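Okay, so here's the structure we're looking at.
The numbers here are math on the coordinates, done by the rules we state, and not lab data. None of the values given here were measured: they were computed from a predicted structure. All Cβ positions, glycine included, derive from the backbone under ideal geometry; neighbour counts span all protein chains shown.
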Amino acid sequence: MYKWVFSVLFILLSISGAHAQTGIGTLTPDASAALDISSTTKGLLVPKVTTDQKNAIPTPAAGLMVFDTEENCISVNNGTPDVPKWESALLVNRKSFYMPSINIETSNTLVGQTRTKDLYGQYASEFGSPKMASDGAPAGIPFFGNAKDLHYYITYYDETLIQIISLDENGLLTYKILKPANFDSYINIVFMPK
């Protein structure tokens, strides 16, 4: 009888201490994680749903994640279960983006000169310290922290106004001004995450 009572008490004490972390692929899950998955050959696959299926999830928990197959991104409910607010968690669906507006001076005194413009530096400066933000917005816009995280493209420019000499892997644009610009002159510069 005592062995039976001791066994039951031992099992109950063991179960009461079982609220610790769970590890998959690790015997020592991180203390801050409820679930710690460790692998060097596999990843985590979240449920794949269409936008309509995502929006039809009843009372989705705040922080619930799904992969939206139509938006091609991981979506997270940043709202509440009663008022969901699905937002893209990653820029997976962003294949490219235009760089911020820049000024390339084209005065008469610069005609014929070869000049450079640090496109990445301009982008990091403008995104890192925007002139204004809406109420509640972070002070800076997240941006790629290294010039070599991006590919750089020029999709349009007036070849009678400017000669593009080179555009390197760090976003350094080298160009020559051929004539002064007018008010409808522009250049399109596109960044693409690697």
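Observations on the model:
- Rg and Dmax of region 128-175, Cα atoms only, in Å: 15.5, 45
- Unsatisfied cross-links (Cα-Cα over 18 Å) in the set LYS148/LYS176; LYS131/LYS194; LYS54/LYS194; LYS148/LYS194; LYS42/LYS194: LYS148/LYS176; LYS131/LYS194; LYS54/LYS194; LYS42/LYS194
- Around the Cα centre of region 44-93, unit charges on the Cβ atoms of Lys, Arg, Asp and Glu (plus for the first two, minus for the last two) sum to a dipole of about 120 debye.
- Residue-averaged 222 nm ellipticity for the chain, from DSSP H runs of 4+ at -39500 (n - 2.57), nearest 500: -4500 deg cm²/dmol
- Ranking of ILE74, ILE189 by count of other Cβ atoms within 10 Å, fewest first: ILE74, ILE189
- For ASP118, ASP82, order by how many other beta-carbon atoms lie within 10 Å, fewest first: ASP82, ASP118
- Simple rule: put +1 on each Lys or Arg Cβ and -1 on each Asp or Glu Cβ in the chain, find the dipole, and look at PRO58, LEU150, GLY43; the Cα lying farthest toward the positive end is GLY43.
- Computed Rg/Rh of region 44-93, alpha carbon atoms with Kirkwood Rh: 0.93
- Angle in degrees between helix 119-128 and the longest Cα principal axis of the chain, rounded to the nearest 10: 50
- With only the Cα atoms considered, the chain has a convex hull volume of 217 Å³ per residue.
- Order of SER38, SER129 under a 10 Å beta carbon neighbour criterion, fewest first: SER129, SER38
- Local net charge near GLU105, Cβ-Cβ under 14 Å (Lys/Arg +1, Asp/Glu -1): +4
- Options ASN78, ALA33, SER166, ranked by Cα towards positive dipole end of the chain, top entry (Cβ charges): ALA33
- Dipole magnitude (debye, nearest 20) for the chain, charges at Cβ of Lys, Arg, Asp, Glu: 420
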